[in-house]
Structure formats: structure tokens, C-alpha cells
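Below: one structure, written as C-alpha cells.
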Amino acid sequence: MGRMRITKPGAILTLVTLMTSGCFSGTGSGLMGISGGDNGGGSSSPPVLGFFVQPNSTNVGQVISPAVQVVVRDSLGGIDDSFSGSITIGLASNSNGGTLSGTTVVRPASGIASFSNLAVDKAGTYTLQASASGSATVTSTAFSITTVTEP
């Protein structure tokens, strides 16, 4: 292999200046503002799911608050706001035979699916599992459903 000789060092300085001055849009440093491809609108890479807001413990039959939220991410980890599929959520661990009620299939808005009226009808410790067509599933952290006791 031959050696490359740089005869115009000013061209390199110009390129470095353009890269560091923000000509690639976005703010900050590094690759934080770059997203890949078409964000899943026709990509062969399936979306990646994650819990944006984990379920909290509550009482039997009460709505889990704040609303459980599932985020859809592209292959680079950015929020995939072009995802047009549905996210389905259900009980992953259910040793007490509880039933999850509420709206369990939601289309994301801006890459986030919000499940605002989920409730479980039996006391116990549970996890939720979210899935989307063509993607892996994701499981929440454990949460408790407790029986209300009167004083």
C-alpha cells in the first residue's frame, strides 16, 4: 500500500470545522441528534419496545396510576414516532389467577403507547408484558395489587 500525502491541510480543517459547528443539524455533541433510516416505516429491522412508565402498585380493581406507557424505539435507540402498529399488553406473571381489565391494545402516539385504564381484580404480585407485531416482547418490573382493608 502506498502512502497518501495531504497537500491541502486547509481542506481537512474545513471539514472538521463543519462537523463541529453543527452543520449536521441538532444540538449538542456526538451522534445524539441522528436517527436512522425511515424509523421503521418500511425497515427490515423490527422495533424495540421498552417500558417508558412502569406499573405502580395499587389496590384491587383500582386503575394503575400513573398510566403505564410503552415506548417504541428504532434500531439506534431513538423513539420511533413513525411506528403505525399496535402495542398489546397483558399479564406476564399471574400466579393468583388475576384478570387484567382496561384497554389492552393501543396505537402509539409519537412512539409512546399509553395504557390509562389498566386494573387487576385479585391481590398478588404481577408483571406486565408488552408486544408489537414483528418485535420482541418486553416485561415490566413487578408490582403489587393489594386488598383494601377497612380500619
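Bear in mind these aren't lab numbers, they're just calculated from the coordinates by the rules spelled out. Since this is a predicted model, take the numbers as computed values, not measurements.
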Checklist entry - Taking amide H positions as placed 1.01 Å from N in the peptide plane, with prolines and chain starts having none, which residues 5 or more places from residue 92, or on another chain, fall under 5 Å of its amide H? => result 127, 128, 129
Checklist entry - Taking a quarter of the surface of the Cα convex hull of the range 48-146, what do you get in nm²? => result 5.5 nm²
